[in-house]
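> After the structure tokens below, expect a handful of questions from me.
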Amino acid sequence: MKIDRIDIYLAALPLKRPQQTPAGAIGKLETVLIRMRSGDLSGWGEASPGTAPLGGQWAGGSFAALRDWLAPAVIGQSLANGDALAERLAPFRGNQYAKAALDTAWWDLKARAEGKPLHQVLQGKRDWVALGVSLDRTETIEELFAAMHAAFDAGFARIELKMRPGWDVNMINVVRQEFGTETLHVDVEGAMTLSNMETLCRLDDFMLAMVEQPLMPDDLVGHAMVQEALRTPICLEESIVSTDHVEMALDLKSCKFINLGVGRVGGLTPAVAIHNACHAACTPCRVGALLQSAIGVRHGLAFASKENCTYPADWIDPAEAFEFDLAEAPALARSGDDSALAARLWTEPGIGVEPDAERLEKCCINQAEVA
């Protein structure tokens, strides 16, 4: 497909509740939407690394990178596959989220050209995706219990708990006593070191599905040492930003699970390559999620239908997060009282929707056209 034009939108979606960050409270989510055109067809992608540069990348920076460098590198090019797009973007190191916006737009464009839903083009094995939620630290255990009961009653298949100093083993102990058989895992967010090995080893007592990112992202050797000491699987998230990182993690035996974020690794093309490498190594994947519009949500859920994505995907309800979304999120349903809540994938071509033009105009704070 020849890429004729790329429209780039920097949007600010009002949040129902401000996000509390180290940089202060943030009342809007800034995110970048891409419209990639080839002839009469259009594909949509999204980059949502966050409003502030707290993790090195942010929406405003992604917008500038796309406008000034990445989009001009692909305009006028005939791209037969995602690898061809990646080759055009290879001179620009990093910028995974900006690259992901272009890559996901290309995949949506490809699926629309073939007249198939994106999950079918990605060779997904299911037309539904089981879901789980993440619960952050609350003021009291009672508040946490109430949120967990509500999530399990709604049908979510598992819950992720954030684990931090002062909110760690004792918290997990009382949670497991309350929820004796439910599927739980913890996310440490890189907050520990090897000096916390005693605490980490105690997690084997609580029948957790996994312990996510216990150490800093670049410490693959340390993670291998932790995984050797624990029966509980280690899941790597922030450590995984490329296929090279996955190969190193698998060689070192740093983990037994991979959390695949489509934006974090640079798009669906590298995500598929990572999925396949993990599948060959018998290392299952789960699909994580950041706060983003329904455009990015649909790309992630389409990918989560692939065979090696065996653990319930992350779900952040846009209706609870935003004053309004840019498009309709997939419907959630379950077939009976005992079945898990799942996102039902669509039958329309591509991601099945386009952003609402009036809403996009309303929240757009900058835009550019590259042709």
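Nothing in this text is a laboratory measurement; each read-out follows from the coordinates by a stated rule. None of the values given here were measured: they were computed from a predicted structure. Neighbour counts run over all protein chains shown; Cβ positions are idealised from the backbone, glycine included.
> Near Lys2, which lysines are there with a Cα under 26 Å away, not counting those fewer than 8 places off in the same chain?
Lys99, Lys110, Lys116
> Could you go through segment 328-333 in sequence order and give the Karplus-derived ³J(HN,Hα) for each residue, using 6.51 cos²θ - 1.76 cosθ + 1.60 with θ = phi - 60°, rounded to whole Hz, and x for Gly and Pro?
7, 6, x, 6, 9, 7
> Find which of Leu70, Leu268, Ser339 sits farthest along the positive direction of the dipole of the chain, computed with +1 on the beta-carbon of Lys and Arg, -1 on that of Asp and Glu, about the Cα centre.
Working it through, the farthest residue towards the positive pole turns out to be Leu70.
> While we're looking at this one, here's another question. Would you mind computing, in nm to one decimal, how far apart the modelled labels at Asp244 and Thr199 are, each placed 7 Å from Cα along Cα→Cβ?
3.2 nm
> Also, quick follow-up: Measuring from label point to label point, each 7 Å out along Cα→Cβ, what is the Glu361 to Gln123 span in nm?
4.3 nm
> Quick one: length gained pulling Ala371 to Ala150 fully straight, 0.36 nm per residue minus the C-alpha distance?
Gain on extension, Ala371 to Ala150, equals 74.7 nm.
> A further question follows. Hey, in the GNM for the chain with a 10 angstrom Cα cutoff, which one of Val226, Val74, Val174 fluctuates hardest?
Of Val226, Val74, Val174, the Gaussian network model singles out Val174 as fluctuating most.
> Mind putting a number on the dipole of the chain about its Cα centre? Charges go on the C-beta only, +1 for Lys and Arg and -1 for Asp and Glu, and I need it in Debye to the nearest 20.
Values: 33 positive and 50 negative charges, 156 e Å.
With Lys and Arg at +1 and Asp and Glu at -1, about 760 debye.
> To continue, here is another question. Quick one: which residues, 5+ away or cross-chain, put their amide H under 5 Å from the amide H of Ile365? H built at 1.01 Å from N.
For Ile365, whose amide H was placed from the backbone, the distant partners under 5 Å are Leu10, Ala11, Ala12.
> What does the net charge come to around His119 if you take all other residues with beta carbon closer than 15 Å to its beta carbon, with K and R at +1 and D and E at -1?
Values: positive: Lys110, Arg112, Lys116, Lys125, Arg126, Arg298, Lys306, Arg344; negative: Asp108, Glu114, Asp127, Glu307, Glu348.
Taking every other residue near His119 into account, the sum is +3.
> Further question on the same structure: Determine, from the Cβ-Cβ distance of Glu189 and Lys16 and an R0 of 30 Å, the FRET efficiency 1/(1 + (r/R0)^6), rounded to the nearest 0.05.
Working: r = 24 Å, r/R0 = 0.79.
Efficiency, from the Cβ-Cβ distance: 0.80.
> Report the calculated FRET efficiency for Leu41 and Ala84 (r = Cβ-Cβ distance, R0 = 22 Å), to the nearest 0.05. Write out the running numbers ahead of the final one.
Values: r = 17 Å, r/R0 = 0.79.
E(calc), rounded to 0.05, equals 0.80.
> Below 14 angstrom from the Cβ of Ala331, what's the summed charge of the other residues (Lys, Arg +1; Asp, Glu -1)?
Details: positive: Arg298, Arg334, Arg344; negative: Asp127, Asp317, Asp325, Glu328, Glu348.
Around Ala331, the surrounding residues sum to -2.
> On a C-alpha basis, how far is the centre of segment 116-144 from the centre of segment 57-99 in Å? Whole number, if you could?
The distance from the Cα centre of segment 116-144 to that of segment 57-99 comes to 28 Å.
> Starting from the 7 Å offset along Cα-to-Cβ, what nm value, one decimal, do you get for the label separation of Glu348 and Leu252?
4.4 nm
> For a quick check: sort Ser339, Ser239 by the number of other beta carbons within 10 angstrom, fewest at the front.
Details: Ser339 12, Ser239 24.
The most exposed by this proxy come first: Ser339, Ser239.
> Continuing with this model, one more query. Calculate one ³J(HN,Hα) per residue across segment 268-282 by plugging θ = phi - 60° into the Karplus curve 6.51 cos²θ - 1.76 cosθ + 1.60, and present them in order as whole Hz with x for glycine and proline.
Residue by residue, segment 268-282 yields 6, 4, x, 4, 5, 5, 5, 3, 5, 5, 5, 4, 5, 8, 6 Hz.
> Treating the beta-carbon of each Lys and Arg as +1 and of each Asp and Glu as -1, no other charges, what is the dipole magnitude of segment 265-371 about its Cα centre, to the nearest 20 debye? Intermediate values should be presented prior to the final figure.
Working: 7 positive and 15 negative charges, 100 e Å.
For this selection, approximately 480 debye.
> In what order do Ser48, Ser42, Ser254, Ser62 fall by count of nearby beta-carbon atoms within 10 Å, going from fewest to most? Present the calculation step by step, with values, prior to reporting the outcome.
Details: Ser48 27, Ser42 17, Ser254 24, Ser62 30.
In increasing order of surrounding Cβ atoms, one gets Ser42, Ser254, Ser48, Ser62.
> Restricting the count to DSSP beta bridges whose residues both fall in segment 120-344, what percent are antiparallel, rounded to a multiple of 5? List each step's numbers first, then the result.
Details: 6 of 25 bridges.
In segment 120-344, approximately 25 percent of DSSP beta bridges are antiparallel ones.
> In addition: Taking θ = phi - 60°, what integer Hz values does the Karplus form 6.51 cos²θ - 1.76 cosθ + 1.60 yield along segment 9-17, in sequence order, with x for Gly and Pro?
For segment 9-17, the Karplus-derived couplings read 10, 9, 10, 10, 8, x, 8, 5, 10 Hz, x marking Gly and Pro.
> Residue separation times 0.36 nm, minus the C-alpha to C-alpha distance between Glu307 and Asp4: what's the value? Please list the in-between numbers first.
Details: separation 303, 0.36 × 303 = 109.08 nm, distance 3.38 nm.
Here the segment from Glu307 to Asp4 would lengthen by 105.7 nm.
> Rounding to the nearest 10 and keeping the result within 0 to 90°, find how far the Cα-based axis of helix 294-303 lies from the longest principal axis of the chain.
With rounding to tens, the tilt is 70 degrees.
> Another question, if that's okay. Mind pulling the angle between the C-alpha long axis of helix 220-229 and the longest principal axis of the chain? Nearest 10 degrees, somewhere in 0 to 90.
With both axes taken from Cα atoms, the answer is about 40 degrees.
> Please report the net charge: other residues with Cβ closer than 14 Å to the Cβ of Met148, K and R +1, D and E -1. Mind showing how you got there, number by number?
Details: positive: Arg137, Arg158, Lys162, Arg176; negative: Asp136, Glu142, Glu143, Asp153, Glu160, Glu178, Glu182.
Its environment carries a net charge of -3.
> For a quick check: with amide H placed at 1.01 Å from N, whose amide H comes under 5 Å from Leu345's, ignoring anything fewer than 5 positions away on the same chain?
It is Trp128, Val129, by chain and number.
> Here is a further query. Just want the answer: with Cβ charges of +1 for Lys and Arg and -1 for Asp and Glu, which residue in Leu215, Leu13, Ala371 is farthest toward the dipole's positive end in the chain?
Working it through, the farthest residue towards the positive pole turns out to be Ala371.
> Percent of Cα-Cα pairs more than 36 Å apart in the chain, please.
On the way: 13071 of 68635 pairs.
In whole percent, the share of Cα-Cα pairs in the chain beyond 36 Å is 19.
> Here is a further query. Rank these for me by crowding, Thr283, Thr21, Thr243, going from fewest to most other beta carbons within 10 Å.
On the way: Thr283 20, Thr21 12, Thr243 17.
So the residues, fewest neighbours to most, are Thr21, Thr243, Thr283.
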